[in-house]
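Asker: Quick one: the structure is below, and I'll ask about it shortly.
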Amino acid sequence: MNQTISPTEVQAAQQAWCKALVDISKTHATSGQPAAKALAEKVIDSAYGYQMGAVLFKPTLTVNPQTFRTTRAGALAYFVGGDAAYPKDTSFALKGWTQCEISNAGIFITGNSATSMGKVSFTGKDGKITTVDKTWGYVRDDAGKLRITLHHSSLEYSGS
């Protein structure tokens, strides 16, 4: 099997991530936090490489000493909250996102790994758009599926 990743596969993985985020927000609005958490668990297990080892995940709105989320539990807490071990998490995926759009600055591919960097814009239920700088790293797992193994996100620098 050809292990080389294509730009189209990276873009499809990014779009799937965006769709999943919006779906988790919608599920929360219609069915509550437990249903959103169950969906988030499925998304994390499907999209991220935690079953392969530590994922280098630095979410946008985390603080010391829990800035980095190298475990599945840490990622889940960031997305949907409800974990006493992560008391400062504000449930990023439950904020009522209605849309998510990606604008890549570039995608670098080498064999069975790829890295992308660019902007991701999230539209809230009030229509307000929040844009973050995002870097994702992907590897192809043994089954041929792309897995996120690096996820770094930060708010745009305002210059002040």
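Asker: Would you mind calculating the gained length between GLU101 and ALA84 on full extension (0.36 nm times residue separation, minus the Cα-Cα distance), in nm to one decimal?
Answerer: Value of the extension gain: 3.0 nm.
Asker: Further question: All other residues with a Cβ under 12 Å from the Cβ of VAL120 taken together, and with Lys, Arg as +1 and Asp, Glu as -1, what is their net charge?
Answerer: -1
Asker: Mind checking which lysines have their Cα closer than 22 Å to the Cα of LYS125? Skip sequence neighbours fewer than 8 apart in that chain.
Answerer: Partners within reach: LYS19, LYS26, LYS37, LYS95, LYS134.
Asker: Amide H of LEU56: which non-local residues (sequence gap of 5 or more, or other chain) have their own amide H closer than 5 Å, using H built in the peptide plane?
Answerer: Counting only residues 5 or more places away or on other chains, the set is LEU150, HIS151.
Asker: Please compute the net charge surrounding ASP45, taking Lys and Arg as +1 and Asp and Glu as -1 over other residues with Cβ under 14 Å from its Cβ. Numbers along the way, then the final one.
Answerer: On the way: positive: LYS37, LYS42, ARG72, LYS145, ARG147; negative: GLU41, ASP141.
So the environment of ASP45 carries a net charge of +3.
Asker: PRE reach from MET117 (point 7 Å along Cα→Cβ): which of the stretch 132-160 fall under 16 Å by backbone N?
Answerer: Counting backbone N atoms under 16 Å from the label point, the list is 132-138, 150-157.
Asker: Then there is this: Take the solvent-accessible surface of the protein heavy atoms, probe 1.4 Å, and return the percent of it on the chain that carbon and sulfur atoms account for.
Answerer: Answer for the chain: carbon and sulfur cover 56 percent of the accessible area.
Asker: What helices does the chain have that are whole DSSP H segments, at least 30 Å long along their own axis by Cα, and with mean Kyte-Doolittle hydropathy of -1.0 or more?
Answerer: Those that clear 30 Å and a mean of -1.0 are 7-31.
Asker: Over the chain, give the accessible area per residue in Å² for a 1.4 Å probe, as an integer.
Answerer: Per residue, the chain has 52 Å² of solvent-accessible surface.
Asker: Among [x] 31, 18, 16; [y] 24, 18, 16; [z] 29, 17, 14, which is the computed semi-axes √(5λ) of the Cα gyration tensor in Å?
Answerer: [y]
Asker: Go ahead and estimate [θ] at 222 nm for the chain from helices alone: -39,500 (n - 2.57) per DSSP H run with n ≥ 4, summed, over the residue count, rounded to 500.
Answerer: Estimated from H runs of four or more residues: -10000 deg cm²/dmol.
Asker: Okay, next question. Determine ³J(HN,Hα), in whole Hz, for all residues of the stretch 126-138 in sequence, where each value follows from phi through the Karplus function 6.51 cos²θ - 1.76 cosθ + 1.60 and θ = phi - 60°; x replaces Gly and Pro.
Answerer: Once θ is set to phi - 60°, the couplings for the stretch 126-138 become 8, x, 6, 9, 10, 10, 10, 8, 9, 10, 10, x, 10 Hz.
The values are calculated or read from the model by the stated rules, or taken from the named source; none is laboratory data. Keep in mind the model is a prediction, meaning the values are calculated, not measured. FYI the Cβ positions are ideal-geometry reconstructions off the backbone, even for glycines, and counts take in every protein chain you see. Surface areas here come from the heavy atoms of the whole protein model, side chains and all, with no ligands, DNA or RNA. Shrake-Rupley method; radii C 1.70, N 1.55, O 1.52, S 1.80 Å.
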